[in-house]
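Data block below; observations after.
What follows is calculated from the coordinates using simple rules that are stated; it is not laboratory data. Fair warning: this is a prediction, and the values are worked out from it, not measured in the lab. Positions of Cβ are generated from backbone atoms using ideal geometry, with glycine treated the same way; all protein chains shown enter the neighbour counts.
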Amino acid sequence: MPYRKAEKHEVKRFRLTTLCYIEKDGAWLMLHRTKKKADQSHDKWLGIGGKFEDAESPEECMLREVYEETGLTVTDYDYRGIVTFVSDVWETEYMHLFTASGFTGELLDCGEGELAWIPKEAVLGLKLWEGDKLFLERLMSDSEFFSLKVVYEGEKLASWQFF
């Protein structure tokens, strides 16, 4: 698709987010999103993360979101990739992906759903967004930094491309 310069007063709507997969003993900490009724990811399993606050870097956002949702302080992490989600229903999302292998603290109850340590080999069998399976396979393989674009029509994955 060719580049198109935005009109002078055109406002683009998008969201910046982070997602972190924290590992312990061959399992990832996963969040089963069950508590918010108007949640586009209701009943799906995700890593830990959320939306940027003003002036945050991806790393600052990830560290804050992990602490707020889990009570854990991440001490060792890797910035693994970025995923561009395009949808015919929701605004475009640019999600920064991290994995973490070090943390301190004790798990708290999460206001967004149930937290559970899921063996990495079982994660792809959970109820996930189809596009998440694509990047999770890359995260499991310890691949280098990547960019992925996924396009959804409703909840159906219409197309995807790694860069």
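Here are the numbers for the structure shown:
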| quantity | calculated |
| --- | --- |
| Neighbour net charge for residue 133 - beta-carbon separation under 12 angstrom, K R +1, D E -1 | 0 |
| With Cα atoms, 0 to 90° folded angle of helix 58-70 axis to the chain main axis | 50 |
| Placed amide H near residue 27: partners under 5 Å, 5+ positions off or other chain | 120 |
| Those trypsin sites (Lys or Arg not before Pro) in the range 73-163 that DSSP places in a loop and that have at most 15 other beta carbons within 10 Å | 127 |
| Cβ-placed point charges (K, R +1; D, E -1), dipole of the chain about Cα centre in debye, nearest 20 | 660 |
| Whole-Hz couplings from phi, Karplus 6.51/-1.76/1.60, listed for the range 128-139; x for Gly and Pro | 10, 5, 4, x, 5, 4, 5, 6, 5, 4, 5, 4 |
| Phi to ³J(HN,Hα) by Karplus 6.51 cos²θ - 1.76 cosθ + 1.60 over the range 100-109, Hz, x for Gly, Pro | 9, 10, x, 7, 10, x, 10, 4, 9, 5 |
| GNM top mover of 126, 97, 139 - the chain, alpha-carbon springs below 10 Å | 126 |
| Listed pairs 35/127; 44/120; 35/120; 36/149; 24/51 exceeding 21 Å between Cα atoms | 35/120; 36/149; 24/51 |
| Quarter of the Cα convex hull surface for the chain, i.e. its orientation-mean projected area (nm²) | 10.4 |
| DSSP-defined antiparallel bridges as percent of all bridges, the chain, nearest 5 | 65 |
| Among beta bridges that DSSP assigns inside the range 58-154, antiparallel share in %, nearest 5 | 65 |
| Where only alpha carbons of the range 36-109 are counted, the Rg and the Dmax (Å) | 13.3, 40 |
| Residues with amide H under 5 Å from that of residue 99, placed H, sequence gap 5 or more | 21, 78, 80 |
